[in-house]
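Have a look at the structure below, then the notes.
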Amino acid sequence: MKTVVSMCLKMFSRKWILTTLLVVLAMGVMARLGKWQLDRLDQRRAFNARVQEQLDAPLLELSGEALDADLDRMEYRQVSVTGEYDPDQQVALRNQAMDGQWGVHLVTPLRISGSDRAVLVDRGWIPADDFTQGDWQKYNEPGVVGVQGVIRYSQSQADYGPRRDPTPAPGEGPLKTWNFVNVERIDQQVAYPLLPVYIQQAPEPGWSGYPIRTQPEIELSEGPHLGYALQWFAFALILGGGYPFFIRRQESQKDDQKKLVERHV
């Protein structure tokens, strides 16, 4: 008990008080980083559960009452829809890579059969050359078509960084190339209402050539968050537990040096 009291007195003495405060602050930061990683783990688990629920849900046919469903809560659910594409309102999603080649995705409004509404469909990837030459018409799919894919959320900015889509100047006309499938903004430049989500069209049997259909790669693991949290908590404990021994060693070395000097006097 006396040793513990003595050590505490040394830790908060004038000589060691600043170092002690820095150690306590560092331990607090490490503990907070551990708690942040646990919060990230909870968010990841919630995301996984939400996505898995949609992956397990039956195919949703986008017609009738389903058009008024809470689609904003159904990302990654499989859907099917029938309608006609409007290539005049088509836009391109820039900076899309496919097997190491640069290109774009064609995003086209599909006017839903039996409805006055439409839904944007990411029809897939085309090469950069066709995009820069404006040669999109050869990829039109005329007539009534059936589309299957997954629901995707609208996006207005990058997950990291400030990148956004530009705002057209007055009289400039509609944007034809976008960084994101920003449904709300694209809705402002078409003549009919769009659903609040878009469809990423799935590859279908017998389809070859362009646009190349793709599906999102979904990672449902818990990631490294738990391991990182345990590391930060361990660092805090090691620092807090090792600090008194550091002081004891420093004081012991000081006493030994003092005794050595006294012997030679």
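Just a few scattered comments:
- The angle separating the long axis of helix 17-56 from the principal Cα axis of greatest extent in the chain is about 30 degrees.
- 222 nm mean residue ellipticity, helices alone, for the chain (DSSP H n ≥ 4; -39,500 (n - 2.57); rounded to 500): -13000 deg cm²/dmol
- Here the relative contact order of the stretch 1-135, from alpha carbon pairs under 8 Å that lie six or more residues apart, stands at 14 percent.
- Taking only the Cα atoms of the chain, the radius of gyration and Dmax are 30.4, 105 Å.
- Charge dipole (Cα centre; +1 on Lys/Arg Cβ, -1 on Asp/Glu Cβ; no other charges) of the stretch 82-207 amounts to roughly 260 debye.
- Ordered from largest to smallest accessible area (heavy atoms of protein chains, 1.4 Å probe), the residues 177, 167, 19, 108 come out as 167, 19, 177, 108.
- For the residues 232, 16, 36, a GNM of the chain with alpha-carbon springs under 10 Å puts the largest fluctuation on 16.
- Pairwise Cα inverse-distance average, inverted: Kirkwood Rh of the stretch 110-188 (Å): 15.2
- Of the chymotrypsin sites (Phe, Trp or Tyr not before Pro) in the stretch 77-182, those whose Cβ has at most 13 other Cβ within 10 Å and which sit in DSSP loop: 160
- Computed from the C-beta positions of residue 231 and residue 22, the FRET efficiency with R₀ = 25 Å rounds to 0.75.
- For the chain, the carbon plus sulfur part of the accessible surface works out to 55%, probe radius 1.4 Å.
- Across the stretch 203-217, coupling constants 3J(HN,Hα) worked out from phi with the 6.51/-1.76/1.60 Karplus curve, θ = phi - 60°, read x, 10, x, x, 8, 9, x, 9, x, 7, 6, 9, 10, x, 8 Hz, and Gly and Pro carry x.
- Projected label distance in nm at residue 14 and residue 113, using a 7 Å step from Cα toward the beta-carbon: 9.0
- Helix axis angle, 2-11 relative to the chain longest principal axis, alpha carbon, degrees: 60
- Probe 1.4 Å, protein heavy atoms only - accessible area per residue of the chain in square angstrom: 61
- Lys/Arg +1, Asp/Glu -1 at C-beta; the stretch 24-134 dipole; positive extreme among 58, 92, 34: 34
- Placing R0 at 25 angstrom, the Cβ-Cβ distance between residue 167 and residue 52 gives a FRET efficiency of 0.10 after rounding to 0.05.
- Cα-centre dipole for the chain with unit charges at Cβ (Lys and Arg positive, Asp and Glu negative), debye to 20: 2760
- Between residue 248 and residue 45, the FRET efficiency estimated from the beta carbon spacing at R0 = 45 angstrom works out to 0.55.
The values are calculated or read from the model by the stated rules, or taken from the named source; none is laboratory data. Remember, it's a predicted structure, so these values are computed and weren't measured experimentally. Cβ coordinates were reconstructed from backbone atoms using ideal geometry, including for glycine residues, and neighbour counts include every protein chain displayed. When the accessible area is computed, the model is the full protein with side chains, heavy atoms only, and any ligands, DNA or RNA have been set aside. Shrake-Rupley method; radii C 1.70, N 1.55, O 1.52, S 1.80 Å.
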